[in-house]
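Some notes on the structure that comes next.
The values are calculated or read from the model by the stated rules, or taken from the named source; none is laboratory data. Predicted, not measured: the structure shown is a model, and the values here were computed from it. As a convention, Cβ positions derive from the backbone with ideal geometry for all residues, glycine included, and neighbour counts pool all protein chains shown.
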Amino acid sequence: MAASSFDVIVIGAGAAGLVAAAELLQAGQSVLVLEARDRVGGRIWTRREPGLPAPIELGAEFVHGHAPITRELLARAGTGVIESSDSHWSLEAGELTQREGFFPQIRAAMQRTDVLASKDMSFARYLDDYLADVLPAEARATARMMAEGFDAADTRRASARAIAAEWTGDTVGSTPQSRPRGGYESVVAALLETLNHDSSRLRLQLQAVVQRVRWTQGAVEVAGIFAGASFAARAARAIITLPLGVLQRAPGAPGTVRFSPALRSKHEALRHLASGPILKILLRFGASFWETLHGGRYRDASFFHAPEAQFPTFWTAAPQRAPLLVAWAGGPRARRLAVGASPPDLARSAVASLRTVFGRGVDVASQLEAFYYHDWQRDPFARGAYSYVTVGGSDARRVLALPLADTLFFAGEATDIENEAGTVTGALQSGVRAAREALTTAGRKLRVDSARNTRVRPT
């Protein structure tokens with residue numbers, strides 16, 4: 001790839017990078033999008049399997065809350081969302097019991113105390129020291145499991161203030177949870193369609209591994225490797241959509257992007273954010289065996305919980321009918337389980353956990369036809385699933401999102417400042433924000449240049 005010059009370079013073709021490029025092109029900018037993978041979408045990765053009515057979502061799967069920007073893109077793609085049912089079954093004393101209303105109880109308890117207004121603390125301490133009088137032990141255990149699973153957080157490190165704000169807000173709260181009809185690839189398709197309308201000013205380069213970003217005010221040079229050869233590109237501005245786990249890599253480590261000068265003003269923010277680990281194994285069976293157990297008792301079940309199992313949560317494709325169960329573990333449990341484990345090892349652990357859920361009388365293993373898995377922790381271009389805030393990091397996302405010298409702009413779910421971090425909607429919102437910040441800077445420069453030209457123009 002020969003050296004080239006653009007108005008803006010966007011590093012990363014995930015949701016944030018693609019929507020940022022679309023905003024820039026719409027405003028007349030020339031844009032180079034550099035993506036290290038051989039595909040676009042980042043941590044959105046939808047696969048199709050013959051004969052399976054539901055998509056295989058190796059990455060993002062749910063649409064959390066109202067998510068207007070995500071729903072708008074799905075509508076543009078000619079599709080929409082499927083509202084998820086909310087039928088939870090939990091293993092208690094060896095039996096699956098239907099559970100309802102546990103989350104409103106946790107949410108109400110959080111809203112009854114204002115201790116977090118004056119100080120932050122770990123979520124574990126918050127549960128044990130401040131919610132013990134208003135939440136029974138079982139509900140606190142559920143809240144801890146949810147923080148580890150939903151937020152992929154270590155509750156000993158995670159900010160109670162951040163989790164409480166999230167759980168009492170729109171993203172979780174009492175708002176709908178749904179899935180994109182046909183899979184999250186529809187969002188990516190809608191973004192690509194937008195980019196194709198302005199393709200004359202766009203270059204989208206896949207398998208371009210960025211290694212170095214040199215910058216000074218008003219000028220950026222990006223260098224890396226494409227097809228075994230070095231490349232370089234220049235622009236007046238750059239939008240950085242690298243995942244948090246990549247930004248946090250130690251200098252010189254494999255997959256590191258070196259910034260020169262270094263991003264020192266971001267170090268404190270990076271220290272107060274963590275990239276949470278998750279394990280997501282999709283198990284495909286010959287038939288949806290759980291729908292016929294105990295006279296069809298679980299036919300409409302959405303979630304199964306076995307708190308003591310290695311994979312404590314499973315979910316179905318409900319309300320879609322598909323012989324597919326997703327095994328899920330997050331936080332410290334996921335990190336421990338992944339140590340030294342191969343994908344087949346993890347699949348066997350998931351099946352063993354499923355036997356715990358349904359009992360040894362159900363021969364789960366013999367009905368398994370396939371499993372699907374991607375290791376986001378070891379993925380050199382992700383280094384984790386999604387971000388959470390650690391104790392004392394209330395301002396970390398805002399600081400990470402701040403532009404540098406009107407030249408470097410930052411996007412990605414970890415930089416979302418509209419309470420949607422950790423989601424596709426958060427990534428999309430951050431991409432729009434970063435693009436508009438870059439455009440505002442470009443507009444200021446044009447006005448200054450125009451004024452200078454007017455002053456020196458001969459009469």
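So, Gly443, is that one without any contact (Cβ under 8 Å) to a residue 40 or more places away in the chain, buried (at least 20 other Cβ atoms within 10 Å of the Cβ) and not in a strand (DSSP E or B) or not?
Working: without any contact (Cβ under 8 Å) to a residue 40 or more places away in the chain: yes; buried (at least 20 other Cβ atoms within 10 Å of the Cβ): no; not in a strand (DSSP E or B): yes.
No.
Looking for something surrounded by fewer than 17 Cβ atoms within 10 Å (Cβ to Cβ) and out of contact with any helix residue (DSSP H, G or I) (no Cβ under 8 Å at 6 or more places or on another chain) - is there at least one such residue anywhere in the range 382-392? Can you show your working first?
Here is the first cut: in the range 382-392, the ones surrounded by fewer than 17 Cβ atoms within 10 Å (Cβ to Cβ) are 392.
Imposing the further condition that a residue be out of contact with any helix residue (DSSP H, G or I) (no Cβ under 8 Å at 6 or more places or on another chain) reduces the set to 392.
Yes, because at least one residue in the range 382-392 is surrounded by fewer than 17 Cβ atoms within 10 Å (Cβ to Cβ) and out of contact with any helix residue (DSSP H, G or I) (no Cβ under 8 Å at 6 or more places or on another chain).
Could we say that Ala60 is part of a loop (DSSP other than H, G, I, E, B), within 23 Å of Ile278 (Cβ to Cβ), out of contact with any Phe, Trp or Tyr (no Cβ under 9 Å at 6 or more places or on another chain) and not assigned by TED's automatic domain parsing to the domain that holds Gly224 here? Break it down into steps so the answer makes sense when it comes.
Values: part of a loop (DSSP other than H, G, I, E, B): yes; within 23 Å of Ile278 (Cβ to Cβ): yes; out of contact with any Phe, Trp or Tyr (no Cβ under 9 Å at 6 or more places or on another chain): no; not assigned by TED's automatic domain parsing to the domain that holds Gly224: yes.
No; evaluated as a whole, the condition is false for this residue.
Please work out if Glu291 is buried (at least 16 other Cβ atoms within 10 Å of the Cβ) and out of contact with any Leu (no Cβ under 9 Å at 6 or more places or on another chain).
On the way: buried (at least 16 other Cβ atoms within 10 Å of the Cβ): yes; out of contact with any Leu (no Cβ under 9 Å at 6 or more places or on another chain): yes.
Yes.
Let me confirm something: among Leu282, Leu270, which residue is hydrophobic (A, V, I, L, M, F, W, C) and outside any strand (DSSP E or B)?
Values: Leu282 fails: outside any strand (DSSP E or B).
None of the others qualify; the one that does is Leu270.
So which residues in the range 145-190 are within 21 Å of Glu308 (Cβ to Cβ) and not acidic (Asp, Glu), if there are any at all?
Of the range 145-190, the ones within 21 Å of Glu308 (Cβ to Cβ) are 145-156.
If the condition is that a residue be within 21 Å of Glu308 (Cβ to Cβ) and not acidic (Asp, Glu), then Met145, Met146, Ala147, Gly149, Phe150, Ala152, Ala153, Thr155, Arg156 are the ones that fit.
From Thr46, Thr70, Thr113, grab the single residue that is among the hydroxyl-bearing types (Ser, Thr, Tyr) and at pLDDT below 95. Spell out how you get there, then give the answer.
Working: Thr46 fails: at pLDDT below 95; Thr70 fails: at pLDDT below 95.
After ruling out the rest, the residue left standing is Thr113.
Residues being within 21 Å of the chain's Cα centre (by Cα) and in a strand (DSSP E or B): count how many of those fall in the range 32-54. Walk me through it before giving the result.
To start, the set of residues in the range 32-54 that are within 21 Å of the chain's Cα centre (by Cα) comprises 33-48, 54.
Okay, now just the ones that are also in a strand (DSSP E or B), so 33-34, 41, 46-47.
The qualifying residues number 5.
Keeping to the range 261-307, report how many residues are in contact (Cβ under 8 Å) with a residue 40 or more places away in the chain and of a type in the set (S, T, N, Q).
Number of matching residues: 3.
Pick from Gln105, Gln29, Gln98: which is without any contact (Cβ under 8 Å) to a residue 24 or more places away in the chain and either part of a helix (DSSP H, G or I) or not acidic (Asp, Glu) (or both)?
Details: Gln105 fails: without any contact (Cβ under 8 Å) to a residue 24 or more places away in the chain; Gln29 fails: without any contact (Cβ under 8 Å) to a residue 24 or more places away in the chain.
That would be Gln98, the only listed residue that is without any contact (Cβ under 8 Å) to a residue 24 or more places away in the chain and either part of a helix (DSSP H, G or I) or not acidic (Asp, Glu) (or both).
Quick check: is even one residue across the range 324-345 among the hydroxyl-bearing types (Ser, Thr, Tyr), farther than 20 Å from Phe303 by Cβ and surrounded by fewer than 18 Cβ atoms within 10 Å (Cβ to Cβ)? Before you say what the answer is, go through the steps one by one.
First pass over the range 324-345, keeping only residues among the hydroxyl-bearing types (Ser, Thr, Tyr): 342.
Filter once more, so that each one left must be farther than 20 Å from Phe303 by Cβ: 342.
Remaining after also requiring surrounded by fewer than 18 Cβ atoms within 10 Å (Cβ to Cβ): 342.
Yes, the conditions are met somewhere in the range 324-345.
Which residues, taken from the range 145-161, are more than 18 Å from Thr171 (Cα to Cα) and either touching a Phe, Trp or Tyr at 6+ places or on another chain (Cβ under 6 Å) or basic (Lys, Arg) (or both)?
Within the range 145-161, Thr155, Arg156, Arg157 qualify.
Give the residues of the range 307-316 that are farther than 17 Å from Glu92 by Cβ and buried (at least 23 other Cβ atoms within 10 Å of the Cβ), sorted by residue number. Can you show your working first?
Within the range 307-316, the first condition is being farther than 17 Å from Glu92 by Cβ, and the residues that meet it are 310-311, 315-316.
Correct list: Phe311, Thr316.
Can you find, within the range 81-93, the residue that is farthest from Gly296 (Cα to Cα) among those that are at pLDDT 90 or above and not acidic (Asp, Glu)?
Restricting to residues being at pLDDT 90 or above and not acidic (Asp, Glu), the top hit is Val81.
Could you run through the range 207-230 and say how many residues are surrounded by fewer than 20 Cβ atoms within 10 Å (Cβ to Cβ) and in a strand (DSSP E or B)?
In the first step, residues of the range 207-230 are kept if they are surrounded by fewer than 20 Cβ atoms within 10 Å (Cβ to Cβ); the result is 207, 209, 211-212, 214, 216-219, 221, 223, 225-230.
Cutting the leftovers down to in a strand (DSSP E or B) gives us 209, 211-212, 214, 216, 219, 221, 223, 225-226, 229-230.
Residues that pass the stated criteria total 12.
With the requirement that a residue be crowded, with 23+ Cβ neighbours inside 10 Å and polar (S, T, N, Q), what does the range 156-169 give you?
Answer for the range 156-169, where residues must be crowded, with 23+ Cβ neighbours inside 10 Å and polar (S, T, N, Q): just Ser159.
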